[in-house]
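Novice: Structure below; questions to follow.
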Amino acid sequence: MVKLRLKRYGKKREASYRIVAINSLARRDGRPLEELGFYNPRTDEVRLDVPGIVKRLQQGAQPTDTVRRILQKANVFEQVSAQAAS
């Protein structure tokens, strides 16, 4: 199963995360199938590849709880349902 989850990078105590599509059995910082965005919890900066995320969600990828909250704030799920309706 493919999951959308966070991949940690950065210095100690200064973590940043990439939002990636990855096999659910792979380790946290393993090789992703695709990098779909960036999240910095210290500054709340978020950059998303919305078309790529929508494509992965339509293919059945499951976001983790944290990624789901980030995507809800960016209204990505509304775009998924809008494209499914058309």
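Novice: Show the residue pairs that are 6+ apart or on different chains and have beta-carbon atoms under 9 Å apart, the first residue being within the stretch 58-86 and more than 25 Å from residue 16 (Cβ to Cβ), the second being open to solvent by 80 Å² or more (accessible area, probe 1.4 Å) and part of a loop (DSSP other than H, G, I, E, B).
Specialist: From residues that are more than 25 Å from residue 16 (Cβ to Cβ), the pairs are 60/1.
Novice: Turning to a different aspect of this structure: Looking at the stretch 4-17, which of its residues are without any contact (Cβ under 8 Å) to a residue 24 or more places away in the chain, open to solvent by 70 Å² or more (accessible area, probe 1.4 Å) and in a strand (DSSP E or B)? I'd like the intermediate steps shown before the answer.
Specialist: Looking only at the stretch 4-17, we keep the residues that are without any contact (Cβ under 8 Å) to a residue 24 or more places away in the chain, and these are 8-13.
Those left that are additionally open to solvent by 70 Å² or more (accessible area, probe 1.4 Å): 8-9, 11-13.
The answer is 8, 9, 11.
Novice: So which residues in the stretch 18-55 are open to solvent by 60 Å² or more (accessible area, probe 1.4 Å), closer than 17 Å to residue 70 by Cβ and in a strand (DSSP E or B), if there are any at all?
Specialist: 18, 35, 45, 46, 47
Novice: Residues being open to solvent by less than 100 Å² (accessible area, probe 1.4 Å) and assigned to a loop (DSSP other than H, G, I, E, B): count how many of those fall in the stretch 56-75.
Specialist: 5
The values are calculated or read from the model by the stated rules, or taken from the named source; none is laboratory data. Values in this document were obtained by computation on a predicted structure and should not be read as measured data. When we count neighbours, we look across all protein chains shown, and the Cβ atoms used for this are built from the backbone with ideal geometry, even at glycine. Surface areas here come from the heavy atoms of the whole protein model, side chains and all, with no ligands, DNA or RNA. Shrake-Rupley method; radii C 1.70, N 1.55, O 1.52, S 1.80 Å.
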